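Right, one structure below, let's go through it.
The values are calculated or read from the model by the stated rules, or taken from the named source; none is laboratory data. All of these numbers come straight from a predicted model, not from anything done at the bench. Cβ: placed from backbone, ideal geometry, glycine included. Neighbour counts: every protein chain shown.
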Amino acid sequence: MRPKHKRMTWETFRLPDDQGVSADVSAFIDWNPKEDDAKMAFLCGPPGTGKTHMAVAKIRDGIERGARGALFIVVPELLANMRDGFKDGSARGVLDQAKYAKFLVLDDLGAEMATDWVRDTLYMLINNRDNGLRPTVVTSNLNPGEIAASHHERLASRLASGLVVDTSGEKDYRIGK
C-alpha cells in the first residue's frame, strides 16, 4: 500500500463542512461484494470528491476480513507496466495479475490516452472480471456516458451493471483545504 493510502480508512473519510453522505456513497459504504449480487462498483465524479479514498477504504475492509490477493493499481500505471512488459515478455503476467486478483481497485480510468489497444485491453480486463464475478472497484472522473464515448459502450455497460456511485454533487475537498 502506498504511504498516502495508509491513512485512507472509513474513519478518516470526511466530506467538506461535515455534510452528510449521499445515498450513492452510503450504498457503497454498505456494499459487500462477497454477499451482494453486484461484484462491480463504479465510482465516478469530479476530482477531489473522495473516490480513491472510498476505494482504498473498501479494499482495506476486505483485507481486514482476511481477503488475500487484493490489488490496487492506477490504470495508466497498469498500461505502462504492460507496455514495458512487451520488451521482456511479462506483459501477459501483468494483465493476468489484474484479471485474477481476488479484489481489484482500478483507479483513475480515463486518465490514459484511449487508443485502440487501450480500449481493447481495458474491455478484456473488465469483461473477464465481470464474467468471473470477481469483486472490482473502478474510479473515474468520467461518467458511464463519457466512458462509452471515449472508450466503448461495452466497457461502459459493464461498469454500469453493478453499483454506480456518482460523486458529482460533492465538493473538491483538496480545494477547500
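Every residue, every condition in (1) out of contact with any strand residue (DSSP E or B) (no Cβ under 9 Å at 6 or more places or on another chain); (2) more than 17 Å from Val74 (Cβ to Cβ); (3) surrounded by 17 or more Cβ atoms within 10 Å (Cβ to Cβ), yes or no:
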residue	(1), (2), (3)
Thr136	no, no, yes
Ser140	no, no, yes
Asn143	no, yes, yes
Ser157	yes, yes, no
Gly169	yes, yes, no
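Summed over segment 43-69, residues that are assigned to a loop (DSSP other than H, G, I, E, B) and of a type in the set (Lys, Arg) total 2. Look at (1) more than 21 Å from Arg68 (Cα to Cα); (2) touching a residue at least 12 places away in the same chain (Cβ under 8 Å); (3) outside any loop (DSSP other than H, G, I, E, B); (4) among the aliphatic types (A, V, I, L, M) and you find that Ala148 fails only one, number (2).
Has segment 99-120 got at least one residue that is more than 22 Å from Ser157 (Cβ to Cβ), touching an Asp or Glu at 6+ places or on another chain (Cβ under 9 Å) and surrounded by 14 or more Cβ atoms within 10 Å (Cβ to Cβ)? Checked segment 99-120: no residue is more than 22 Å from Ser157 (Cβ to Cβ), touching an Asp or Glu at 6+ places or on another chain (Cβ under 9 Å) and surrounded by 14 or more Cβ atoms within 10 Å (Cβ to Cβ). Among all residue pairs at least 6 apart or on different chains, which show Cβ distances below 6 Å where the first residue, located in segment 1-24, is under 11 Å from Gly169 (Cα atoms) and modelled with pLDDT of 70 or more and the second is surrounded by 14 or more Cβ atoms within 10 Å (Cβ to Cβ) and not hydrophobic (A, V, I, L, M, F, W, C)? The qualifying pairs are Asp24/Asp166.
Do we find that Leu142 is within 14 Å of the chain's Cα centre (by Cα) and either closer than 26 Å to Gly69 by Cα or among the aliphatic types (A, V, I, L, M) (or both) in this structure? Yes: the conditions hold for Leu142.
Can you pull out every residue in segment 70-105 that is small (Gly, Ala, Ser) and outside any helix (DSSP H, G or I)?
Start the filter on segment 70-105 by keeping residues that are small (Gly, Ala, Ser), which leaves 70, 80, 85, 89-91, 93, 98, 101.
The answer is Ala70, Gly89, Ser90, Ala101.
Every condition in (1) in a loop (DSSP other than H, G, I, E, B); (2) at pLDDT 95 or above is met by Ala114 except one, and the failing one is (2).
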